[in-house]
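Asker: Let me give you the structure first, and then I'll get to my questions.
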Amino acid sequence: STVTALDHFSIIAKDGAAARRFYSDALGATLLSSSDRSVSSKEVSIYSFGGDVLEVYVPELDADVERIAHIALCVPSVPRALEALAELGGFPDEGYPRAAFSGVGEIAVIRDPDGACIELLDRPPLV
């Protein structure tokens, strides 16, 4: 299954309020949503720069983690994309595929050859 678009980038921030001031006030991004809906973070904020989307995670713990959390790619069908990946010997992370946080579509997490986190999504675009 072919990737149809880059959905969003996700980065890690230590201070959610400082990130909001920077991305919204200094850079002019539109805050689409902010919540504590993620099991892996205490806050997740979604910003729009025109048609491009940035997701900012504030981790629950002060962990030493990579600044780039993941990139998300749109595919027509997550199950079909995973079938194609399996033919090449790949597989999704444990617990995937599952429903997307938005409640629309599915999500799966895979890893590139160097271990970078890639989300595959088959939901409508955020903006």
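Any read-out appearing in this document is the output of simple, stated calculations on the displayed coordinates, not a laboratory observation. Note that the coordinates shown come from a computational prediction; the quantities given were computed from them, not determined experimentally. Virtual Cβ from ideal backbone geometry, glycine too; neighbours counted across all protein chains shown.
Asker: Of Ala69, Ala116, Ala5, which is farthest on the positive side of the dipole of the chain, counting Cα position, with +1 on Lys and Arg Cβ, -1 on Asp and Glu Cβ, and the Cα centre as origin?
Answerer: Selected residue: Ala5.
Asker: Please identify the longest segment of the chain free of exposed GluC sites (Glu not before Pro), where exposed means a DSSP state other than H, G, I, E or B and no more than 15 other Cβ atoms within 10 Å.
Answerer: Here the longest run is 1-59.
Asker: Take the Cα radius of gyration of the chain and divide it by 2.2 N^0.38 Å, with N its residue count; two decimals is plenty.
Answerer: This ratio for the chain stands at 1.07.
Asker: Placing +1 at every Lys and Arg Cβ and -1 at every Asp and Glu Cβ, with all other atoms neutral, what dipole size does the chain have around its Cα centre, in debye to the nearest 20? Could the numbers behind the result be given before it?
Answerer: Working: 10 positive and 20 negative charges, 75 e Å.
Once rounded to the nearest 20, the dipole reads 360 debye.
Asker: Could I ask something else about it? Taking the Cα centre as origin and putting +1 on Lys and Arg beta-carbons and -1 on Asp and Glu beta-carbons, what dipole magnitude results for the stretch 64-127, to the nearest 20 debye?
Answerer: So the dipole magnitude of the stretch 64-127 works out to roughly 260 debye.
Asker: Would you mind telling me which residue in Ser35, Ser48, Ser77 has the biggest mean-square fluctuation in a Gaussian network model of the chain, where springs connect alpha carbons within a distance under 10 angstrom?
Answerer: Residue with maximal mean-square fluctuation among Ser35, Ser48, Ser77: Ser35.
Asker: May I pose another question? Grab the DSSP H runs of the chain that are 4 residues or longer, score each as -39,500 (n - 2.57), total them, divide by all residues and round the 222 nm result to the nearest 500 deg cm²/dmol.
Answerer: -3000 deg cm²/dmol
Asker: Using modelled amide H (1.01 Å from N, peptide plane; none on Pro or chain starts), what sits under 5 Å from the amide H of Asp7, excluding residues fewer than 5 places away?
Answerer: Ala72, Leu73, Cys74
Asker: Would you mind telling me which residue in Ala13, Ala84, Ala26 has the biggest mean-square fluctuation in a Gaussian network model of the chain, where springs connect alpha carbons within a distance under 10 angstrom?
Answerer: Ala26
Asker: So what's the angle, to the nearest 10 degrees on a 0 to 90 scale, between helix 78-87 and the longest Cα principal axis of the chain?
Answerer: 50
Asker: What is the spin-label model distance, in nm, from Val104 to Ser77 if the labels are put 7 Å beyond Cα along the C-beta direction?
Answerer: A separation of 2.0 nm, rounded to one decimal place.
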